[in-house]
1. Restricting to the stretch 14-37, give me the number of residues that are of a type in the set (A, V, I, L, M), within 13 Å of the chain's Cα centre (by Cα) and part of a helix (DSSP H, G or I).
2. So A15 clears everything in (1) at pLDDT 85 or above; (2) open to solvent by 80 Å² or more (accessible area, probe 1.4 Å) except one condition, right? Which one?
Amino acid sequence: MPGVTDYRNPNLAEALRALGYVQRFGAGISIARRLLGERLHFEVQPGFVAAIVQGGGR
């Protein structure tokens, strides 16, 4: 679901944002999809979500 964020440690996430390590919450997947296109796939399992980037030569 676009724009939805869920963090294991919201205090740490907020600290990273305040220190400038995070531009804005909820933006990462849409940026990755825009840059990687069809090469990006997700595997969703009960205990994890894996982002899989398929090779694509230069």
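1. Counting residues in the stretch 14-37 that are of a type in the set (A, V, I, L, M), within 13 Å of the chain's Cα centre (by Cα) and part of a helix (DSSP H, G or I) gives 5.
2. That leaves (2) as the condition not met.
The values are calculated or read from the model by the stated rules, or taken from the named source; none is laboratory data. Computed from a prediction, not measured in an experiment: that's the story for all the values here. Surface areas here come from the heavy atoms of the whole protein model, side chains and all, with no ligands, DNA or RNA. Shrake-Rupley method; radii C 1.70, N 1.55, O 1.52, S 1.80 Å.
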